[in-house]
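Working notes, structure below.
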Amino acid sequence: MTGYILKRLLSAVPVLIGITVIVFLIMALIPGDPATAILGSYATPENVAKLNRDLGLDKPLVQQYFIWLGNMLQGDFGTSFALNRPVLDEVLERFGATLVLAGTAFVLCAVLGVAAGVVSAANQYGLADKAITFAVLLGISIPSFFLGMMMILLFAVNLRWFPVSGMWPIYGARSLSVLLTHLAMPAFALAVVATGVVARLSRSAMLEVLRQDFIRTARAKGVSERGVIWRHALKAAMVAIIPVLGIQAGFVLSGAVYIEMVFQWPGVGRMLVDAILKRDILLVQGGVVLVAACYVLFNIAVDVAQSLLDPRIKT
Amino acid sequence: MTAFVALLARNRLALAGGVVLVCVVLLALAVPVLPLADPDVTNTAQRFQPPLSPGALLGTDHLGRDLLSRLLWGTRLSLAVGFAAAIAAATIGAAIGIVAGFYGGRTDNIIMRGVDMLMAFPYILLALAIVAALGPGLFNALIAVAAVNVPFFARNIRGITVGIAHKEFVDAARLAGLSNRRIILSEILPNVIPVIVIAMSTTIGWMILETAGLSFLGLGSQPPQADLGSMLGEARSALITNPHTSIVPGVMILIIVMSINLLGDGVRDALDPRLKSGALSRPMAATRVDRAQTPPPPSGAGLLEVAALETQFHVRNRVYRAVGGVDLHVRKGECLGIIGESGSGKSVTALSIMGLVASPPGVITGGAAYYDGHDLIGAPYGRLRDIRGRSVSYIFQDPLSTLHPLYRVGDQLIEAIRAHRPIGRAAGRAKAVELLRAVRIPNPEKRITDFPHEMSGGMRQRVGIAMALANDPDVIIADEPTTALDVTVQAQVLTILDDLRRSRGLAIIFITHDFGVVAQLCDRVGVMYAGRIVEEGLTSDILRAPRHPYTARLMACVPELGAGKRRLEAIPGLPPVVDNLPQGCAFADRCQQVQAACRRAGIPLERHGTHAVRCLYPVPQSQEATP
Ligand code: SF4
């Protein structure tokens, strides 16, 4: 197993390199003089000159890329000109908040989505199935930011169950329960779409598995219907569900940007939007590379989970 | 195409989605000629008017602009951008996919590597990066959304293209000297366009959502121009004081995306062949029973007794009569063979006994299966489950697909026991080892931790038999258990079954299409054709002197009992389709003895002593058999 994990980690190296190439190329699209564009309205002539030197913008594109990559590998992502602090510090600080939000949303979407899909498939064409199918349709059709706004209106303003926004109260203690009350609405709003997608896929995966011969074998053994659904069918269906969970992880991680805006969550997404509006390009670059790299690593975890579930995968 | 439209129309939700969508699109198209207020004229004296105010049906926003007018103009813009992004992504993605799939080799490799890289990004993040480079703006947002969706199309279309690129008509075009470009345009493209359209119908909702999202963040359309997303973004600061300014554009996005999704789902379902065939419906825990008549009472002839069993498959409005009135019984310690071609109803008969026929589409429409005098077919599910695997157990044909692929065989054996009585870990393990030893698996202590795919076919089938024995059943129903095995392994498995029958007094029903197996194992045999027993008797009698012309032909196809290929396909003609059975003898079309009388009416099963035949002109007893 360790060998398999190492192998997957090694195979992630070209993907990570690819990600930096793509980000680099996208940034090369910037029209006009890159140094001025990167530094934006905060540029002073000295800064422009320094950046030109740092990035070697007078050098060929390939050489520029390697300079940039080398700097990043040494932990130097440059300095945010809008915030006047190292990009890495800012991103890491923000990333924790995003991970809390996206992680919670991911757990919600995985648990609720799979459960809903299984219940739906087990009662195909029944009342529960119809109700879930409709809820799923609603869930995947509603923009998460609109849902978040409506939740604020209902649960924070009218019912006063949850605070309107933010991760922590401005004053007062920081405890887990405080965090959870702040987290509940944004995590749910973020999870809704992904839950719908997972539920849909789980339902069809379950229906496919329930037709298989080994389900008939389980029934012929006298296994209870609950055992057939949750032990036999779900385990086999997970083989198809897990990759989709991996995709949804990327979705909640990056979709968090909307929710962070709506709920004033101090995460990386909101930082990126601010940075884009202020043309703080180095901050955008650093944020995108780090989040994407984190997602690549998470996908390795998904592959490992898959190989633990399915012994037929060669490890 | 008309069938497709009809199917779509039958799906009422999809139809509703389509109607709503058409209405919204028509409305958006008509916006310039509608008598609306100017969407951009500000009037701060009139800000935040509530809906239904005079002169402003939906009220006004924070600058006093008419919300209805802004909503409709915004809808127009959002739809236009969403569709444009979808078309751009589909066109570019399809072009990339076709090139990669058509040329293959290194081109394919390089392109798909790039596509995979792009897909390694969480894709909203990628859109943000693109907007960051190009700068905020609606057109740039459109480019970003289209770009992040290109890989999805490229990958889908490449898959389809690879399939087509190796078809004969493409080879023919190549031989005819057509240029690659001509082949792509005239042969490949027409075949992938339907796929592109389907992929678009499922993604266009997303693209509208994503562009709205970017505008919501302030990265899309810039004021004063507004699409639905930026309307929502601007309204956010007044969410608590004037929620209507948020609700109006938000609900519109919801309506648009939901109607697109409904329609898209309908299109997908209409095109999915599995839905049509019912292959995606969940089989019930037990076969549905719908008996019109009370079944005949048990005769007491055997431990397990099937009387007048009728099982049908109801697919749409067609009825397939898979089993049309079968009687059979098996005693303790006896082995009854059931033989017939595939499609003769022998497996369905076997599965019907314990309600294991997949339902839908299966329905048991008549008859009974008596175990120890009690009918199983009408039995409540709880009782049926109690008997399954404990008193009557099954061995299935292909153990690779009938064992759970993700559980160790030991655990599957223990579960078979646990389904009927509690057993501790150690005791369960010991029992599993003992069961594997009983079916002569070498090294059972090691093998119980194997997964099914780690075993050979013969070993797997032994596990299947061990599982059937787990609770010391009285009856085993074996549905072609040796068909997937090679001849030597087959012989070993048969020996195991025969020994078990003798040592434990098992009653066995053995389904097969192989007379060699019947000769080796079975005391009696029933021959099935088109869902009915056509001949039944002691194995020795039937082997020596078959009376039914079908049986005789079956046996003539067997070159030598117990050796060589013994498949039954060598009879000219095909068995009748069971949704269209002839009135008289079902074998008439393939029978050499057929007479006019054979086709007139149903033919009864005539019994003389132990031998029964369903034929008006049975084969005369052969010379050496008649004294
Ligand atoms: S009833 Fe007639 S057609 Fe049927 S098997 Fe006998 S002889 Fe042939």
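The values are calculated or read from the model by the stated rules, or taken from the named source; none is laboratory data. Bear in mind the structure is a predicted one, so any value in this text is a computation, not a measurement. FYI the Cβ positions are ideal-geometry reconstructions off the backbone, even for glycines, and counts take in every protein chain you see. Just so you know, the surface numbers come from the protein's heavy atoms only, side chains and all, with ligands and any DNA or RNA stripped out. Shrake-Rupley method; radii C 1.70, N 1.55, O 1.52, S 1.80 Å.
With a 1.4 Å probe and every protein chain left in place, work out the accessible area per residue of region B:324-522 in Å², rounded to a whole number.
Working: 6630 Å² over 199 residues.
Solvent-accessible surface per residue comes out at 33 Å².
Mind checking which lysines have their Cα closer than 28 Å to the Cα of A:Lys59? Skip sequence neighbours fewer than 8 apart in that chain.
Once the sequence-local lysines are set aside, what remains near A:Lys59 is A:Lys50, A:Lys278.
Could you state how much accessible area B:Glu606 has, in square angstrom rounded to the nearest 10, with a 1.4 Å probe and all protein chains kept in place?
100
Under a 1.4 Å probe, what is the accessible area of region A:166-214 per residue, stated in Å²? All intermediate terms of the calculation are to be shown ahead of the outcome.
Numbers: 2110 Å² over 49 residues.
Per residue, region A:166-214 has 43 Å² of solvent-accessible surface.
How high is the FRET efficiency between B:Asp498 and B:Ala301 when r is their beta carbon distance and R₀ equals 22 Å, given to the nearest 0.05? Don't jump to the answer; show the numbers that get you there.
Numbers: r = 23 Å, r/R0 = 1.04.
My answer for the efficiency is 0.45.
Specify, per residue and in Å³, the volume enclosed by the convex hull of the alpha carbon atoms belonging to chain A. Walk me through the numbers on the way to the answer.
Values: hull volume 56.1 nm³, N = 315.
Spread over its residues, the Cα hull of chain A gives 178 Å³ apiece.
For chain A, take the longest principal axis of its alpha carbons; what is the angle in degrees between that and the long axis of helix A:176-210, to the nearest 10 within 0 to 90?
Its long axis makes an angle of about 50 degrees.
What number comes out for the charge environment of B:Glu415, summing +1 per Lys or Arg and -1 per Asp or Glu over other residues with Cβ under 10 Å away? Intermediate values should be presented prior to the final figure.
Values: positive: A:Lys221, A:Arg231, B:Arg418; negative: B:Asp411.
That sum, taken over residues with Cβ under 10 Å, equals +2.
For region B:324-522, count all C-alpha to C-alpha pairs, find those more than 23 Å apart, and express that count as a whole percent of the total.
Values: 8411 of 19701 pairs.
Beyond 23 Å sits 43 percent of the P(r) for region B:324-522.
Starting from the amide H of B:His62, placed 1.01 Å from N in the peptide plane, find each other amide H under 5 Å away whose residue is 5 or more places distant or on another chain.
B:Phe48
If you count, for every residue in A:9-21, the Cβ atoms of partner chains within 10 Å of its Cβ, what is the mean?
Numbers: counts 0, 0, 0, 1, 0, 3, 5, 2, 1, 7, 5, 0, 2.
Mean number of neighbouring Cβ atoms from other chains: 2.
Under the Karplus relation 6.51 cos²θ - 1.76 cosθ + 1.60, θ = phi - 60°, what is the ordered set of whole-Hz ³J(HN,Hα) values for region B:324-335, x standing for Gly and Pro?
So the Karplus estimates, Gly and Pro as x, are x, x, 10, 10, 7, 8, 9, 9, 4, x, 9, 10 Hz.
Just checking the output field for A:286-295: average partner chain Cβ neighbours within 10 Å of each residue's Cβ?
Numbers: counts 0, 4, 7, 2, 0, 4, 6, 1, 1, 4.
Mean partner shielding for this stretch: 3.
Can you list the HN-Hα couplings for region B:287-300, worked out from phi with the Karplus curve (6.51, -1.76, 1.60; θ = phi - 60°), rounded to whole Hz and with x for Gly and Pro?
4, 5, 10, 9, 9, 6, 10, 5, x, x, x, x, 8, x
In whole percent, and with a 1.4 Å probe on the protein chains, what portion of the accessible area of the protein assembly as shown is carbon and sulfur?
Values: 25030 of 40600 Å².
Carbon and sulfur atoms account for 62 percent of the accessible area of the protein assembly as shown.
Region A:121-271: Rg/Rh from Cα coordinates, Kirkwood Rh? Please list the in-between numbers first.
Working: Rg = 19.4 Å, Rh = 17.7 Å.
Ratio of gyration radius to Kirkwood radius for region A:121-271: 1.10.
Report which residues of region B:323-363 become buried by 40 Å² or more of accessible surface when going from the isolated chain to the complete set of protein chains (1.4 Å probe; DNA, RNA and ligands ignored).
Residues losing area: B:Leu356.
Calculate the FRET efficiency for B:Val487 and B:Lys332 from the Cβ-Cβ distance with a Förster distance of 22 Å, rounded to the nearest 0.05. Don't jump to the answer; show the numbers that get you there.
Details: r = 30 Å, r/R0 = 1.38.
Here the calculated transfer efficiency is 0.15.
Can you give me the Rg/Rh ratio for region B:103-226, using Cα atoms for both radii and the Kirkwood formula for Rh? Walk me through the intermediate numbers first.
Numbers: Rg = 18.2 Å, Rh = 16.5 Å.
My calculation of the ratio gives 1.10.
Counting DSSP beta bridges in the protein assembly as shown, what percent are antiparallel, to the nearest 5?
Values: 36 of 57 bridges.
Antiparallel: roughly 65 percent of the beta bridges in the protein assembly as shown.
I'd like the orientation of helix A:127-141 relative to chain A: the angle between its Cα long axis and the longest Cα principal axis, in ° from 0 to 90, rounded to 10.
Once rounded, the angle reads 10 degrees.
With just the Cα atoms defining each centre, how far is region B:21-60 from region B:151-168? Give it in Å.
46
Can you give the average number of partner chain beta-carbon atoms within 10 Å of each beta-carbon in peptide B:208-217, as a whole number?
Details: counts 1, 9, 2, 0, 4, 8, 3, 0, 9, 11.
Mean partner-chain Cβ count within 10 Å for B:208-217: 5.
Near the amide H of B:Arg288, under 5 Å away, which other amide H atoms are found, from residues 5 or more places off or on another chain, if H is placed in the peptide plane?
For B:Arg288, the qualifying residues are B:Ile364.
Once the Cβ-Cβ distance between B:Ala308 and B:Phe139 is put in as r, and R0 is 56 Å, what FRET efficiency do you end up with, to the nearest 0.05?
Details: r = 74 Å, r/R0 = 1.33.
Once the sixth-power term is evaluated, E becomes 0.15.
Step by step: find N for region B:421-507, compute 2.2 N^0.38 Å, then divide the Cα radius of gyration by it. What's the final number? Mind showing how you got there, number by number?
Working: Rg = 13.0 Å, N = 87, 2.2 N^0.38 = 12.0 Å.
Computed over Cα atoms of region B:421-507, the ratio equals 1.08.
Show me the three semi-axes of the equivalent ellipsoid for region A:97-205, from the C-alpha gyration tensor (sqrt of 5 times each eigenvalue), largest first, rounded to whole Å. Spell out each step's value before the answer.
Numbers: eigenvalues 174, 43, 24 Å².
Taking √(5λ) for each Cα gyration eigenvalue gives 30, 15, 11 Å.
In nm, to one decimal, how far is the A:Ser224 label point from the B:Val25 one, both placed 7 Å along Cα→Cβ?
Simple spin-label model gives 5.2 nm for this pair.
Compute accessible area for region B:108-130 by itself and then with all protein chains, 1.4 Å probe, and report residues whose area falls by 10 Å² or more.
B:Met117, B:Leu118, B:Ala120, B:Phe121, B:Pro122, B:Tyr123, B:Ile124, B:Leu125, B:Leu126, B:Leu128, B:Ala129, B:Ile130
Residue by residue through region A:284-290, which ³J(HN,Hα) values in whole Hz follow from phi under the Karplus form 6.51 cos²θ - 1.76 cosθ + 1.60 (θ = phi - 60°), with glycine and proline marked x?
4, 3, x, x, 5, 4, 5
Only helices at least 24 Å long along their own axis, judged from Cα atoms, and with Kyte-Doolittle mean hydropathy of 0.5 or greater: name those in chain B from DSSP H.
On the way: long enough: B:12-30 (27 Å, 2.54); B:67-103 (52 Å, 1.53); B:138-165 (38 Å, 1.39); B:189-216 (38 Å, 1.47); B:244-271 (40 Å, 1.31); B:487-504 (25 Å, 0.03).
Long hydrophobic helices here: B:12-30, B:67-103, B:138-165, B:189-216, B:244-271.
Evaluate the Kirkwood expression for the hydrodynamic radius of chain B, namely the inverse of the mean inverse distance over all pairs of different C-alpha atoms, and round to one decimal in Å.
Computed over chain B, the radius equals 30.4 Å.
If you stretched the chain out fully between A:Phe134 and A:Arg160, how much longer would it get, using 0.36 nm times the residue separation minus the C-alpha to C-alpha distance?
Difference between extended and current length: 6.5 nm.
What does the highest-first list of B:329-339, B:389-399 look like by mean Cβ count within 10 Å? Mind showing how you got there, number by number?
Numbers: B:329-339: 21.5, B:389-399: 24.1.
Highest to lowest by the protection proxy: B:389-399, B:329-339.
Size of the protein assembly as shown along its principal axes in angstrom, Cα-based, largest extent first?
Dimensions of the protein assembly as shown along the principal axes of its Cα atoms: 120, 72, 64 Å.
Roughly how much accessible area, to the nearest 100 Å², goes out of reach of solvent when B and A pair up, both sides summed, probe 1.4 Å? Don't skip to the end; give the middle numbers.
Details: alone 30620 and 17000 Å², together 40600 Å².
Using a 1.4 Å probe, the pair buries roughly 7000 Å².
Roughly how many Å² is the accessible area per residue of region B:225-264, as a whole number, for a 1.4 Å probe?
Details: 1130 Å² over 40 residues.
Accessible area per residue, region B:225-264: 28 Å².
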